[in-house]
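To start, the structure itself, in structure tokens.
A short reminder: the numbers here are calculations on the coordinates, not readings from a lab. Since this is a predicted model, take the numbers as computed values, not measurements. As a convention, Cβ positions derive from the backbone with ideal geometry for all residues, glycine included, and neighbour counts pool all protein chains shown.
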Amino acid sequence: MSTYTPHTSAEIQAMLDVVGVKSLEQLYQGLESLFVKDMDLPAGKSQQEVARYFENLAAENKVFGSIFLGAGAYQHYIPPVVKSLLSREEFVTAYTPYQAEMSQGILQGIFEFQTMIAELTGMQVSNASLYDGSTALADGILMLAEKKKNKVLVSEAIHPRSLEVVKTYLIPQGIQIEKVALENGRTSLSDLKAKLTPDVFAVAVAQPNFFGVIEDAAAIGEAVKAAGAGYIMQVEPFACAMLKTPFACGADIAVGEGQPLGMPLSFGGPYLGFVGAREKLVRKLTGRIVGKTADANGNDAYVLTLQAREQHIRREKAASSICSNQALCALTATIYMATAGKTSMKEVASQCVSKAHYLAAEMVKIPGFRLKYSAEFFNEFVTVTDAPADEIIRKCAEKNILAGLKLSEHEILWCATEVNTKADIDQLLAVLKEVK
Amino acid sequence: MSKYKYLKSHEWYCEECGKVGISDFAQHELGDIVFVELPEVGDEVEAGKAFGNVESVKAVSELYSPVSGKVVEVNEELQSAPELVNKDAYAAWMIKVEPSEAPKDLLSEEEYKKLTAE
């Protein structure tokens, strides 16, 4: 089957004959007043000129040699096989798989994605993906909504951008959001227990949290369950490969940002939201779900399932307005995870942790640098410095190093991944030693 | 004289037994029913307001209560066998309500038949 089938002149003529006009222009008869006559466009440029124009524009970006910034988007190594498979035209041009007979390839790909996310989070069901980690958190919280309860507790250490999206989704629905305080960078169990009143329907916690700290997710889970509320964890995929899974911590729903799974930083997107849930919540899952069934001949076949819950059918009664997914990004993650396998996922996680800990341990040896929290962290940590954060960041940029995120005048959130070599890290430390 | 009274939205109410369900016309229009979402025992229901929903392969439809009151019984069988509604819509009752007031503005069997004949 050909990939693109334009109309031939003969076919166009046949259609014009049926309509009863002599030319395509005649179809616009009577609409001349709407035509824009003078667009004052400059003359066209040659392919070479256009290429040069965009190269110059791109050159205005500063591309750093070494990155120590995370805070929600992470630089990881992307094996070439990911881009190579992804650029197959069947995948790049595949549209919405509503017609199962035509879409077995992409449907199977999504089914594999769902399976991998369920395995990664320890959950029982997953969906075809959501827009990003922040909207996934908002949608996930709404999945736990109960008729007589209207409050949700959110840790102070949830990513600030995720919190903004959660507010956008929840406040217009009359849901109250209350924050749970931190203790040494971790969500405070005592504050949580004090705030777990009967009107709370869900508690949301990030693992690791925005400050890189590892939460005691299982203890939080126990407190949440004891209070009869739903438990949602926003997780980082590599952390899932190494820490106790959200399922094992008692979470009802696990959501997260899938960008680290083979997607480049791309200046903020496109990214990938994922969700895993306990089986009892399968009908509450927003977005698309791919299911496996058998065709007329008894062979494996894949279809979109549980569609009656989706927005295009339930309309204003739907749990969410999402009616799409991040198919290509989900496929990226699937290819990445299939390539990495459990072994490499754990290896990447391990390198992220050990490199971040090496960086932190060496950094605090520099006078004027200390860790804000003593709590155990994954691959990000916050420093408090005598020197202004701006000065540190500027000095790093001079040496082509992208420093961590400025949190305040004297605080920076640093990150290390498997991509940072020991030499890179030592180079950063050398620069930091020079900062006054 | 039929014991069933109806809402325009195709729910039936049996006053003498307090049970609520959907009509045969409704199950036929919906197609294969795959899930029925019902309230819990003790929940309050209000005449004309939704108390749950029924999901078929092609749609999810709200279930409206013909009467105000308290749910005293829920048909658990429908959780594992929602297709019972298609098999016999009148035997497959959904909830049993203890009314807080007499039901009003319900259609009689004849009036309902006329409505669905259109």
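Some values worked out for this structure:
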read-out: Amide H partners (placed H, <5 Å) of B:ILE33, local residues excluded; value: B:ASN86
read-out: Modelled FRET efficiency - R0 56 Å, A:LEU31 with A:SER344, Cβ distances, 0.05 increments; value: 0.40
read-out: DSSP beta bridges in the range A:80-336 [antiparallel fraction, %, rounded to 5]; value: 45
read-out: Per residue, the convex hull volume that the Cα atoms of the range A:50-146 enclose (Å³); value: 214
read-out: Alpha-carbon Debye profile of the range A:286-379, log10 I(q)/I(0) at 0.13 Å⁻¹; value: -0.77
read-out: Exposure proxy ranking, count of Cβ atoms within 10 Å, fewest first, for A:LYS147, B:LYS8; value: A:LYS147, B:LYS8
read-out: Partners for A:LYS179 among lysines (Cα-Cα distance below 17 Å; same-chain residues under 8 apart left out); value: A:LYS149, A:LYS151, A:LYS167, A:LYS193, A:LYS195
read-out: Value of [θ]222 nm, deg cm²/dmol, for chain B, DSSP H segments ≥ 4, -39500 (n - 2.57) each, nearest 500; value: -4500 deg cm²/dmol
read-out: Least to most buried among A:CYS415, B:CYS17, A:CYS323, A:CYS240 (fewest other Cβ within 10 Å first); value: B:CYS17, A:CYS323, A:CYS240, A:CYS415
read-out: Rg/Rh ratio calculated on Cα atoms of the range A:14-84 (Kirkwood radius); value: 1.30
read-out: Share of Cα-Cα pairs in the protein assembly as shown lying beyond 36 Å, as whole percent; value: 50
read-out: Karplus 3J(HN,Hα) series, Hz, for the range A:307-316 with 6.51 cos²θ - 1.76 cosθ + 1.60 (x for Gly, Pro); value: 6, 4, 7, 6, 4, 6, 10, 7, 6, 5
read-out: Residue-by-residue Karplus 3J(HN,Hα) for the range B:13-29, coefficients 6.51, -1.76, 1.60, Hz, glycine and proline x; value: 9, 9, 4, 6, 10, x, 8, 10, x, 10, 6, 5, 4, 5, 5, 5, 5
read-out: Stretch gain in nm, segment A:ARG394-A:ALA218, where the contour uses 0.36 nm per residue and the Cα spacing is subtracted; value: 59.3 nm
read-out: ³J(HN,Hα), Karplus 6.51/-1.76/1.60, whole Hz, each residue of the range A:97-111, x for Gly, Pro; value: x, 6, 9, 4, 4, 9, 10, 4, x, 5, 5, 5, x, 5, 4
read-out: Separation in nanometres of the label points that stand 7 Å from Cα toward Cβ, at B:GLU101 and A:GLU60; value: 6.8
read-out: Sites A:PHE267 and A:LYS422 - FRET efficiency at Förster radius 25 Å, r taken between beta-carbons, to 0.05; value: 0.35
read-out: On Cα atoms only, tilt of A:47-59 relative to the major axis of chain A in degrees; value: 20
read-out: Amide H partners (placed H, <5 Å) of A:TYR231, local residues excluded; value: A:VAL203, A:ASP252, A:ILE253
read-out: Kirkwood Rh, angstrom, the range A:80-336 [1 / mean 1/r, Cα pairs]; value: 18.6
read-out: Highest-fluctuation residue, A:ALA100, A:ALA241, A:ALA389 considered, GNM on chain A with Cα pairs under 10 Å; value: A:ALA100
read-out: Candidates A:SER324, A:SER350, A:SER46, ranked by Gaussian network fluctuation over chain A, Cα under 10 Å, top entry; value: A:SER46
read-out: Highest-fluctuation residue, A:ARG315, A:ARG186, A:ARG278 considered, GNM on chain A with Cα pairs under 10 Å; value: A:ARG315
read-out: Debye intensity ratio in log₁₀ form over the Cα atoms of the range B:4-117, taken at each q of 0.11, 0.17 Å⁻¹; value: -0.30, -0.74
read-out: For A:CYS249, B:CYS14, order by how many other beta-carbon atoms lie within 10 Å, fewest first; value: B:CYS14, A:CYS249
read-out: Simple Cβ-charge dipole of the range A:377-436, Lys/Arg +1 and Asp/Glu -1, about Cα centre, in debye nearest 20; value: 140
read-out: Extension reserve of the A:LYS148-A:LEU24 stretch, reckoned as 0.36 nm per residue once the Cα distance is removed; value: 38.7 nm
